[in-house]
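Below you'll find the structure, written out as structure tokens, and then a few comments.
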Amino acid sequence: MDELEKMLLMQIADLHKVPDGAYNIRKNGEADGRRSTPHIRIESRKDKKAGIDIFVSGETKGESVHIPVVITETDYKEQVYNDFYIEDGADVLIIAGCGIHNCGQATSEHSGIHTFHVGKNAKVKYVEKHYASGDGNGENVMNPTTDIRMEENSRLEMETTQIKGVDSTVRTTRGVLAAGAELVIREKIYTHGKQFAKTDFSVELNGDGAGADVVSRSVAADSSRQEFYLRIDGNGKCHGHSECDAIIMDEANVVAIPALAANNVDAELIHEAAIGKIAGEQLLKLMTLGLTEQEAEEQIIKGFLS
Amino acid sequence: MLEVQHISFVAADGDTDKEILDDVSFCVDEPFVAITGPNGSGKSTLAKIIAGILTPSGGKILLDGEDITGLSVTERARRGISYAFQQPVRFKGLTVKDLVSLAAGKRLTVSEVCSYLSEVGLCARDYIDREVNASLSGGELKRIEIATVLAREKSLTVFDEPEAGIDLWSFQSLITVFEKMHERTQGNILIISHQERILNIADRIIVIANGKVQKNGSREEILPGLLASRACPALAK
């Protein structure tokens, strides 16, 4: 593995070396290392599609799986399907992410389609980071799709982060929750230049006691554009909360379109959305502490996205 | 030492101009100087002019002999002016530890942040990682605001109505904060206040009404007169 690939791995998965536990590293479309463990089995897909199946047994307690994707070639496009089968009662941390370094003139693109089958009472923490760099004019495109199916009383917490670098992204997440299941999503996005990011979340709460808490915080700088579509359907005695909080700067443009559908009299659904520039008094307060206006702005953004 | 020389401030009020401050001059050369006066007399405007947040229509501000009238908020802060906001600012994402560290100008250890928070009567463990956002009450925010100016340890600190919103905390604690701050910095503290107990520790009291300095003298000279008249607008609040 060369220095560039190591750097990308560090950015997306905080990996300095081969990780402990189960892992699968995908590099420019090829497998670059894989390890299964007694509780977590990683296999190539049985169909012809690119990608892997990950089987997490119910015996798994506090183990992790790393499945980073690294692309260093220009004009490389791929669509990868990863399916996670989490057995009843498992407790697992999954760290995914995609790093693209595109030095060329052509577009590099990664579309990852992740499907989660989360068994009863299972607990999953899913961390996903997207990072791109490169000194060419080639665009970096990532379109992650996450399809989550949760059985009774399971819990999935998803942290998804995309800070700069990615020129175009459509992030689609679908959740279907049975009774007592809980889905927590925290999204952080920073776009700059002429980047475009679209977030499309929709969650169906299909059983009593199901709950979803979806919070997106974003900063749109320069002439970048962001769109947010957040939809929660409450089909039982459930609770759903979605929040979209964006800081807009320069010539950027942010559109937030929330939707709540209550199909049961006991569904409790809330949406909050706020888009605005950094408050002048926040800048002033930090300037009275000795920061320049630019330093103040950086600190406010850093805090907002941390 | 802070010198305020012939400061005036005119604000647009619809189509007409309104004079908020008119030829205000005084010196802050003692440890505690209090400015008092009725609401709307221009006290907060004056504090903002000293901090550089507002630009005066005329006059000069000198800090230790240097004319700082043309300097920005940041430059004044770096030269040694601290300013505690009357209405503390909320930040989504920034934690109490972040804010106090930014105030100190360096990454503080947990125990350093704790000691500043303890001084303003907050149980540090409960607050250090909390965001300075709407989940904190007005009183908590106010004390964190005071902790940020404590952490700066600068030569001139301006408090704009520090007593507002600290009802659950005693005035005596606030006064102890001022005294400790002076002990550490040996600087000057300028406090805008209506509170008799705060005026009671001032070495000098300046009364501002209708945008002008009405009285300027030692506490012994000014305070009895203020207290004598219950009708005195300065203490009527």
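Every read-out reported here was derived from the displayed coordinates using simple, explicitly stated rules and does not represent laboratory data. None of the values given here were measured: they were computed from a predicted structure. Quick reminder, even Gly has a Cβ in these numbers, built from the backbone with ideal geometry, and neighbours come from all protein chains shown.
Overall, the range B:85-180 carries a charge dipole of about 360 debye about its Cα centre when +1 sits on the Cβ of Lys and Arg and -1 on the Cβ of Asp and Glu, all other atoms neutral. Legend: distances between Cα atoms for A:K302/B:K18; A:K194/B:K48; A:K277/B:K60; A:K77/A:K164; pairs beyond 31 Å are A:K302/B:K18; A:K194/B:K48; A:K277/B:K60.
Rounded to the nearest whole Hz, the Karplus-based 3J(HN,Hα) values (6.51 cos²θ - 1.76 cosθ + 1.60, θ = phi - 60°) of the range B:52-62 follow the sequence x, 6, 10, 9, x, 6, x, x, 9, 10, 10, with x at glycine and proline.
Given R0 = 30 Å, the distance between the Cβ atoms of B:E221 and B:E179 translates into a calculated FRET efficiency of 0.85. In this structure the amide hydrogen of B:A209, modeled in the peptide plane, comes within under 5 Å of the amide hydrogens of B:Q214, none closer than 5 places in sequence on its chain.
Between amide H atoms placed 1.01 Å from N, distances below 5 Å from A:K237 occur with A:D208, A:G209, all of them 5 or more places distant or on a separate chain. Taking label positions 7 Å along the Cα-Cβ direction at both A:E157 and A:M10, the computed distance is 2.7 nm, reported to one decimal.
Sparsely packed loop sites in the range B:83-130 (the trypsin sites (Lys or Arg not before Pro) outside DSSP H, G, I, E and B with at most 13 other Cβ atoms within 10 Å) comprise B:K106, B:R107. By the Kirkwood approach, averaging reciprocal distances over each pair of separate Cα atoms, the protein assembly as shown gets a hydrodynamic radius of 26.7 Å. Take every DSSP beta bridge whose two residues both sit in chain B; close to 60 percent of them are antiparallel. Taking Cβ atoms as reference points and 12 Å as the exclusive limit, the residues near B:L71 contribute a net charge of +1, counting Lys and Arg as +1 and Asp and Glu as -1.
Placing +1 at every Lys and Arg Cβ and -1 at every Asp and Glu Cβ, with all other atoms neutral, what dipole size does the range A:130-257 have around its Cα centre, in debye to the nearest 20? I would put it at about 60 debye.
What share of the DSSP beta bridges in the protein assembly as shown is antiparallel, in percent to the nearest 5? Looking only at bridges with both residues in the protein assembly as shown, the antiparallel portion is about 20 percent. Between helix B:219-228 and chain B there is an angle of about 80 degrees, using the helix long axis and the longest principal axis of the Cα atoms. Evaluated with a Cβ-only charge set (Lys, Arg +1; Asp, Glu -1), the protein assembly as shown carries a dipole of roughly 500 debye about its Cα centre, given to the nearest 20. B:F91's amide H: which non-local residues (gap 5+, or another chain) put their own amide H closer than 5 Å, with H modeled 1.01 Å from N in plane and none for Pro or chain starts? Residues meeting the amide H criterion: B:V132, B:N133. Centre-to-centre, using Cα atoms only, the range A:267-306 and the range A:63-105 are separated by 32 Å. Seen from A:E272, the other residues with C-beta closer than 13 Å to its C-beta sum to a net charge of -1, counting Lys and Arg as +1 and Asp and Glu as -1. Which of the aspartates and glutamates could a cross-linker bridge to A:K46, judged by Cα under 15 Å and excluding same-chain residues fewer than eight apart? Result set, ordered by chain and number: A:D83.
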